[in-house]
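Colleague: Starting off with a structure, shown below.
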Amino acid sequence: MERKASSMAKVLLIGIVIAILCSEIKCSFEDNFSKSDCPDSHFKTSEDGQIWYLSLDNKAGCGFMTRQRYRFGWFSMKLKLVGGDSAGVVTAYYMCTEDGAGPTRDELDFEFLGNRTGEPYLIQTNVYKNGIGGREMRHVLWFDPTQDFHTYSILWNSHQIVFFVDKIPIRVYKNANYTNNFFPNEKPMYLFSSIWNADDWATRGGLEKTDWKNAPFVSTYMNFNVDGCQWEDPFPSCVSTTTQNWWDQYNSWHLSSDQKLDYAWVQRNFVTYDYCQDIERYKVKPEECWLSPWD
């Protein structure tokens with residue numbers, strides 16, 4: 001299937017500028033992140049500190065998190081996923097209000113679900129508000145994410161959350177113009193990534209188990225970019241809708257015309273599951289599913 005090209009000049013320009021700035025000051029891992037409590041052998045960097053490797057074996061996985069919290073902004077990372085037989089392995093790239101699965105957490109998820117050799121990866125996205133998730137969407141991709149780096153990004157403001165793959169919007173999650181319990185917009189979040197074993201559910205509902213003979217499984221990262229409101233207690237001045245930042249201006253409150261074309265292309269060709277359409281799971285359509293991503 002031929003991938004449709006479209007112009008997204010504004011978002012691309014922002015991303016390029018941020019990438020250039022980060023390159024100029026050599027944003028190493030230590031500048032932005034701290035490593036989880038995992039063996040040193042499970043986390044490695046390139047000699048210049050610009051590429052990071054997380055590995056999983058049958059003893060441990062690994063992860064990292066930002067040193068700072070943010071509330072609203074643009075968050076982006078390049079990833080190359082585990083190649084070969086990766087069934088049961090999950091690479092997670094997500095934002096969360098806390099280091100752990102607390103009962104009142106807010107969370108925005110990218111989860112990359114491994115598969116048997118030759119079978120496509122699935123990307124699962126999810127949104128939590130006050131500890132309640134169950135808002136999964138799943139997509140296949142129009143490329144092999146194990147062969148090269150690709151960019152995965154989240155745009156988060158008080159109007160919408162958009163998940164991007166290579167600047168293509170694959171999911172739009174809208175806020176309502178009234179107080180609600182489905183849109184996370186009150187709590188600052190850290191950004192995390194991790195690699196872990198989830199063979200009880202990740203591949204074909206847990207039917208395909210992790211083959212540890214293929215370990216270690218390695219996911220690779222580079223070019224972390226953030227243009228967001230860094231949280232400062234008791235609260236930073238930029239969290240309200242001031243329109244002082246591009247990600248909080250009118251053009252970022254909805255998809256552009258070109259982004260709508262890209263989004264429609266993804267919806268037609270790559271969505272494999274949408275909780276909003278799962279009438280067996282949700283007898284009553286969730287409230288947020290009535291909001292149009294096109295507005």
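The values are calculated or read from the model by the stated rules, or taken from the named source; none is laboratory data. A quick note: this is a predicted structure, and the numbers were derived from the prediction, not measured. Cβ: placed from backbone, ideal geometry, glycine included. Neighbour counts: every protein chain shown. With ligands, DNA and RNA removed, areas are computed over all heavy atoms of the protein, side chains included. Shrake-Rupley method; radii C 1.70, N 1.55, O 1.52, S 1.80 Å.
Colleague: Determine the calculated [θ] at 222 nm for the chain from helices alone, applying -39500 (n - 2.57) to every DSSP H run no shorter than 4 residues and normalising by the residue count; nearest 500 deg cm²/dmol.
Modeller: So the helix-based figure for the chain works out to -3500 deg cm²/dmol.
Colleague: Between rounded, prolate and oblate, where does the range 210-295 land on the alpha carbon gyration tensor, with a ≥ b ≥ c its root eigenvalues, rounded for a/c under 1.5, else prolate if a/b exceeds b/c? Please list the in-between numbers first.
Modeller: Values: a/c = 1.73, a/b = 1.14, b/c = 1.52.
Since a/c reaches 1.5 but b/c is at least a/b, the shape of the range 210-295 is classed as oblate.
Colleague: Greater than 19 Å separation of Cα atoms is the criterion. Which listed pairs, Lys78/Lys167; Lys78/Lys209; Lys174/Lys260, meet it?
Modeller: Lys78/Lys209
Colleague: Over all directions, the average projected area of the alpha-carbon convex hull for the range 29-76 comes to how many nm²?
Modeller: 4.2 nm²
Colleague: Straight-line reach from Lys187: which aspartates and glutamates fall under 20 Å, measuring Cα to Cα and dropping same-chain residues less than 8 apart?
Modeller: Glu98, Asp99, Asp106, Glu107, Asp109, Asp227, Glu232, Asp233, Asp248, Glu288
Colleague: Nearest 20 debye, what's the magnitude of the dipole of the chain about its Cα centre given +1 on Lys and Arg Cβ and -1 on Asp and Glu Cβ?
Modeller: 520 debye
Colleague: Quick check on the range 118-228: what does the Kirkwood estimate of hydrodynamic radius come out to from the alpha carbon pairs, in Å?
Modeller: After inverting the mean inverse Cα-Cα distance, the result is 16.5 Å.
Colleague: Right, another one. Expressed as a rounded percentage, what relative contact order does the range 200-295 have, with Cα pairs under 8 Å and six or more residues apart?
Modeller: RCO, the range 200-295: 14 percent.
Colleague: Additional query: Could you give the length gained on full extension between Lys35 and Gln249, defined as 0.36 nm per residue of separation minus the Cα-Cα distance, in nm?
Modeller: Gain on extension, Lys35 to Gln249, equals 73.7 nm.
Colleague: Grab the beta carbon distance between Asn181 and Asp99, set R0 = 30 Å, and tell me the FRET efficiency rounded to 0.05. Could you put the intermediate results ahead of the total?
Modeller: Working: r = 23 Å, r/R0 = 0.77.
Step by step, r from the Cβ atoms, then E = 0.80.
Colleague: Protein chains only, probe 1.4 Å: how do Arg281, Arg105, Arg69, Arg171 rank by accessible area, largest first?
Modeller: Descending accessible area places them as Arg281, Arg69, Arg105, Arg171.
Colleague: While we're here: Below 8 Å between Cα atoms, with a sequence gap of 6+, how large is the relative contact order for the chain in percent?
Modeller: 26 percent
Colleague: What's the FRET efficiency of Ser46 with Thr117 using the Cβ-Cβ distance as r and R₀ = 25 Å, to the nearest 0.05? The partial results should precede the final answer.
Modeller: On the way: r = 26 Å, r/R0 = 1.06.
With a Förster radius of 25 Å, E is 0.40.
Colleague: Identify which of Asp227, Asp40, Asp99 has the largest mean-square fluctuation in a Gaussian network model of the chain, with springs joining Cα atoms closer than 10 Å.
Modeller: Asp40
Colleague: Measuring with a 1.4 Å probe in the full set of protein chains, what accessible area per residue, in whole Å², belongs to the chain?
Modeller: Working: 13790 Å² over 295 residues.
Accessible area per residue, the chain: 47 Å².
Colleague: Report relative contact order for the range 114-192 in percent, whole number only (criteria: Cα-Cα under 8 Å, sequence separation at least 6).
Modeller: 20 percent
Colleague: Can you figure out the FRET efficiency of Val140 with Lys260, using R₀ = 30 Å and their beta-carbon distance, to the nearest 0.05?
Modeller: Between Val140 and Lys260 the formula returns 0.90.
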